[in-house]
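Okay, so here's the structure we're looking at.
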Amino acid sequence: MKNKKGLEMATGTVVAIILGLVILVILIVFVQQQVKKTSAQYGKIGEEADISEDKCSSIIQRSFCSDQTCDTSKGYKEKTGMWKDCQSPKHCCEKA
């Protein structure tokens with residue numbers, strides 16, 4: 001009888017360890033995916049912060065591409081130039 005109880009406890013411990021490892025692996029995969037998403041977001045912000053002469057969209061310069069003319073009533077004015085990120089019918093607007 002004593003051996004049977006010892007075997008049941010050992011089996012329960014092994015099952016608990018296996019379940020713990022499975023949960024640990026799932027958490028590691030989840031954290032890796034979150035790190036990838038976060039690094040992609042930082043990369044996107046880095047691209048938007050790029051200041052180039054031929055790039056309109058910039059979070060630093062507070063400018064963006066627009067399909068319509070810039071809304072002067074909201075304090076925007078049109079920037080002149082050739083923009084690699086705005087297609088030909090688009091306008092480059094910046095905060096005045």
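Things to note:
- Restricting attention to region 62-74, the residues being surrounded by 11 or more Cβ atoms within 10 Å (Cβ to Cβ) and either hydroxyl-bearing (Ser, Thr, Tyr) or closer than 24 Å to residue 45 by Cα (or both) number 7.
- Of all residues assigned to region 31-48, at least one qualifies as being modelled with pLDDT under 85, touching a strand residue (DSSP E or B) at 6+ places or on another chain (Cβ under 9 Å) and surrounded by 10 or more Cβ atoms within 10 Å (Cβ to Cβ).
The values are calculated or read from the model by the stated rules, or taken from the named source; none is laboratory data. Note that the structure is predicted; figures quoted are calculated from it, not measured. Positions of Cβ are generated from backbone atoms using ideal geometry, with glycine treated the same way; all protein chains shown enter the neighbour counts.
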